[in-house]
Every structure is written in C-alpha cells, then in structure tokens.
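**Q** Dropping the structure in here first, questions after.
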Amino acid sequence: MRGGSVAVVGGSIAGCAAALAASRGGAGRITVFERADDRLRDRGVGIGLHDDRYEELRSAGYLAPEIPWAPLTERVWSTRDGEAEHGRVVGVQPFPFRAYNWGSLWSELRRRVPDDVSYRTGVTVTGVEPDADGVTLRLADGYEEHFDVVIGADGYRSVIREAMFPGVGAAYAGYIGWRGTSPDVTGLPSDGHSAHNIVFPGGHCMAYRIPDGTGGHRLNWILYTTPPPAGGPAPGPSTADRGAPGSVPPGGLSPELTAHLRALVTEHFPPYWADKLLRTPAESTFIQPIYDVEVPHYTSGRMALVGDAATVTRPHIGAGSVKALQDANALEAAWAAGSSWKEVLERYDAERGPVGSAMVALARGMGAAQVENTPDWSAMGQAEFDAWWQGQNKGSDRRSGFGGHSIKPR
Ligand SMILES: Cc1cc2nc3c(=O)[nH]c(=O)nc-3n(C[C@H](O)[C@H](O)[C@H](O)COP(=O)(O)OP(=O)(O)OC[C@H]3O[C@@H](n4cnc5c(N)ncnc54)[C@H](O)[C@@H]3O)c2cc1C
C-alpha cells in the first residue's frame, strides 16, 4: 500500500516508531501531533530491555547500538533483616537486560523519524471523526484536517482509542509506582551490574543503574505499593479512565502520601536501600498509577493503535517499550504486505492483538503476586523463590514471558 496521508497522534516512543514504520511502509504524507513541547527528552527515567528483544529490534532497524546503555546480568531480591546493611537475599535470578535512560531512547527514535515527516509539537488533538474514507482530526486551536489513516500513539489515556472503542479505558490496578532517579550510585553491589528488587509486605521496589545521558550513571528506582485511602493521588481529568488517579509530577506529592511512602521505606527497607531512596531529591521523584489497558482490536475502520494507547501492561513484566517498538515493526510489515488500507490494518490487528492481550494477562498475574498478594518473604529462600517465580510465568509460552514477546518464531 503506497501513498496516502497518515496522522500519528502522540510523538513519544510509540509515536516516533510508528512514524518511522509508516514512512518505511510507503505512506505519502505523514504528520505527527505531539501535545508536549520539545521538553519530552527531559524524562530521565529508566527503561529496561531484554537482551534478546533488543537484538530483534536492532536487526529490524528500530534500535541502535550507539544509544547509551548499562548492562544488567542478574536480579537480586532482598528483604530487610534487622540492621544488616543490604538485608537478606531471598532469591537471585538471571536478568539479561540493557538499562536505558528514557530520554536517550526517545532521542534516537526521534532522530530516526525521516525529515519529510512533519513532527508538530505543542499540538493537542481534541476531536476524532471517522468516516468511510478516513478520519478528521480536530486540534485544540480549532484547526481540522482529514487523513486517510490515523495511528493512535497517544498513551494510556488515548483519544483515538476512545473514538474507536468508547468506554474502553484504563483500569486502575489499585496501586501506584513511586519513581525516582538519584545521582548517588556509590557502593552499588556488584558494581552496578545487578538489578535489585527490595521486597516488603504489599509490594516491591526495583532499582538499577541507568546512563545519565552525559557519560555517568544514575540510580533508577520504582516502588510499587497500595496508597493509603486518604492522601493518595487524585482522580485524573479524563472520563475515559473511570475516574482513576492521574500521575503526580515531580515535586507534586501530597504531604500525606510523602509521609506514608517515607515511613514504609524506613520500616521495611535494608538500611543501604532506605538511604538511597530517602536521599533522592524530591524534584526527581514522581508517581505513576498502575493500569491495565486491553482493547478488543488494535484497529477499527481507518484507525490503528500502537504502544500504550493499544495495551498497557503492568511494568513488572519489563516490556512496555519493547511492545511499542514491536507494534511499529508489525505495522511496517503489514504495510509492505497489504494492497489496501483494509488489508494493511487487518494484518496488523491479527498480528498484534493476541500478543497485546497475552502480555496484559501475564503482567496482571505478576502484579497480583508481587504487590497485591505478596508471599511471606521472611519464609523464602532460593528454592521457594524459584517455585513462586515459576507460578507467575504459567501463562508464558516459548515466545512470551518476562521481558516481552519474541517476534521471531522459535
Ligand atoms: C513505572 C513504569 C515503568 C516502566 N518500565 C519499563 C521498562 O523497564 N521497560 C519497558 O520496556 N517499558 C517500561 N514501561 C513502559 C513504557 O514506558 C511504555 O510502555 C512505552 O514508553 C510506550 O509508551 P507510548 O509511547 O505508547 O506512550 P507515552 O510515552 O505515554 O506517549 C504518549 C504521547 O502522546 C502524547 N499525547 C497524548 N494525548 C495526546 C493528544 N490528545 N494529542 C497529542 N498528543 C497526545 C503525550 O504527550 C505523549 O508524549 C514502564 C512504564 C511505567 C509506568
């Protein structure tokens, strides 16, 4: 399918990759609409990519070896053990991941978007009107434009998804991720080559070293826990998410939530890790509520979804960005193979719909085991840990599991 006009709504990881896919697929005119201004690259958080998924996406042309990364080899799960500096190790598992800084990953994808793609920042899509020949997008300033195909890469509160499947919104998982990055990487065990999971009743905290974008490193951490009924994040602005809480930006935590989280860390973390979290500057911490998003199809009429707009997997699976890039890769393949819009979009939906649903289910199970119904960590050693971990991966097959789905048949 060659030519035609394509709009991509959202210019983050999924949006840049989708614009690249549309260009490689042969679209005639491509416009990206991104609500944020150029400051997108400032998001400094970490993204982990499984080594094997990285290799597949590198050979597909969506990732490059030049993007700064830090190697991770194993993941150590520990719990507090009195005043022992690093606590007690509950279990250790292989962790063949590459740790990235979100900003560098996005910058590389943005750089790959061809120059003839119009990438417009500071532009919000507010209206979506499908018809038989395409979709009209309305922008916040009242401007309207008709496109042959519209790709929704606009994240978990997607306006494109709402137009495709009204009422299919983000379902709040009931807990939050408190995230931070700290410049203090002193004394990291195994010289920073291990990822660490600090476990406690009702949650866990993942911590690993990421490149800081200027040749050094930062410590990236994410603590998952259920917020207290009073003082949790306030409902977000959208009706598409059933009043679920919205993200809380850096520096915006309420005093109640801040006090609750700091008390939790003080009580349950080994002293080394408590110190690392509690000394993280408040302006580099923020809250992300955890969601599940699942759609009946990845396409409807002349609209398609990629990345978090299509499905959101709880982050315990470590595969959200992988999934977004794989969506784009599948879209490119469908574009190359299809001889009409209908064919392109049907191929794409058939390829990615089942993968998205499988990933959401797997990640939901991991969230249940790692946050909602945590085991008695104090009674666990390596053997019990291994059995517990196997239980969470029951839904995996030879191609799917922790770190994402393989795009290569095995
Ligand atoms: C706590 C946490 C940890 C994670 N860790 C990992 C990990 O280790 N590994 C991994 O692979 N993934 C991880 N992920 C997932 C990963 O961050 C995302 O899945 C991935 O970045 C894909 O994002 P996206 O581009 O689809 O959406 P987003 O990054 O949300 O981008 C959506 C874009 O659309 C724009 N937009 C929204 N609405 C409009 C509109 N109406 N008009 C115009 N523009 C609009 C927004 O401004 C935004 O830039 C994690 C996620 C979370 C929450």
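**Q** Checking I290 against (1) modelled with pLDDT of 95 or more; (2) within 30 Å of A7 (Cβ to Cβ); (3) within 16 Å of the ligand (Cβ to nearest atom), only one condition comes out false. Which one?
**A** (1)
**Q** Right, here's the next one. Which residues, counting only those in region 169-204, are away from the ligand (no atom under 16 Å from the Cβ), open to solvent by 40 Å² or more (accessible area, probe 1.4 Å) and more than 25 Å from H50 (Cβ to Cβ)?
**A** P183, D184, T186, G187, P201
**Q** Taking region 281-300, which residues are touching an Asp or Glu at 6+ places or on another chain (Cβ under 8 Å) and surrounded by fewer than 23 Cβ atoms within 10 Å (Cβ to Cβ)? If you could, list the steps in order and put the result at the bottom.
**A** Going through region 281-300, the residues touching an Asp or Glu at 6+ places or on another chain (Cβ under 8 Å) turn out to be 291, 293, 297-299.
Result: Y291, H297.
**Q** Whether any residue in region 301-323 is in a helix (DSSP H, G or I), charged (D, E, K, R) and either more than 9 Å from the ligand (Cβ to nearest atom) or surrounded by 22 or more Cβ atoms within 10 Å (Cβ to Cβ) (or both) is what I want to check.
**A** So the first thing to find is which residues in region 301-323 are in a helix (DSSP H, G or I), and the list is 307-309, 315-317, 320-323.
Now narrow it down to the ones that are charged (D, E, K, R): 308, 323.
Next, from what is left, pick out any that are either more than 9 Å from the ligand (Cβ to nearest atom) or surrounded by 22 or more Cβ atoms within 10 Å (Cβ to Cβ) (or both): 308, 323.
Looking for residues that are in a helix (DSSP H, G or I), charged (D, E, K, R) and either more than 9 Å from the ligand (Cβ to nearest atom) or surrounded by 22 or more Cβ atoms within 10 Å (Cβ to Cβ) (or both), one finds at least one in region 301-323, hence yes.
**Q** When D133 is evaluated against the numbered criteria (1) within 16 Å of the ligand (Cβ to nearest atom); (2) under 30 Å from V6 (Cβ atoms), which criterion, by number, is the only one it fails?
**A** In the conditions (1) within 16 Å of the ligand (Cβ to nearest atom); (2) under 30 Å from V6 (Cβ atoms), D133 misses (1) alone.
**Q** Here is a check on your reading of the model: is Q390 modelled with pLDDT under 95 and open to solvent by 10 Å² or more (accessible area, probe 1.4 Å)? Lay out the reasoning, then the answer.
**A** Values: modelled with pLDDT under 95: yes; open to solvent by 10 Å² or more (accessible area, probe 1.4 Å): yes.
Taking the combined requirement at face value, the residue satisfies it.
**Q** Here is a follow-up. Spot the failing condition for E129; the list is (1) part of a strand (DSSP E or B); (2) within 23 Å of D386 (Cβ to Cβ); (3) open to solvent by 20 Å² or more (accessible area, probe 1.4 Å), and only one is missed.
**A** Among (1) part of a strand (DSSP E or B); (2) within 23 Å of D386 (Cβ to Cβ); (3) open to solvent by 20 Å² or more (accessible area, probe 1.4 Å), the lone unmet condition for E129 is (2).
**Q** If I filter region 194-244 down to residues being assigned to a loop (DSSP other than H, G, I, E, B) and at pLDDT 95 or above, which single residue comes out as nearest to the chain's Cα centre (by Cα)?
**A** G202
**Q** Considering each of R2, R35, R24 in turn, give the residue that is within 11 Å of the ligand (Cβ to nearest atom), open to solvent by 30 Å² or more (accessible area, probe 1.4 Å) and within 30 Å of D133 (Cβ to Cβ).
**A** Result of the check over R2, R35, R24: R35.
**Q** In region 44-64, what residues are part of a loop (DSSP other than H, G, I, E, B), open to solvent by 20 Å² or more (accessible area, probe 1.4 Å) and either modelled with pLDDT of 95 or more or touching a Cys at 6+ places or on another chain (Cβ under 6 Å) (or both)? So that I can check it myself, show each step before the final result.
**A** Within region 44-64, the subset part of a loop (DSSP other than H, G, I, E, B) is 44-45, 60-64.
Then keep just the ones that are open to solvent by 20 Å² or more (accessible area, probe 1.4 Å); that gives 44, 60.
Listed by number, the list holds a single entry, A60.
The values are calculated or read from the model by the stated rules, or taken from the named source; none is laboratory data. This structure is a prediction, so every number in the text was calculated from the model and none was measured. As a convention, Cβ positions derive from the backbone with ideal geometry for all residues, glycine included, and neighbour counts pool all protein chains shown. Just the protein is used for accessible areas: all its heavy atoms, side chains included, with ligands, DNA and RNA removed. Shrake-Rupley method; radii C 1.70, N 1.55, O 1.52, S 1.80 Å.
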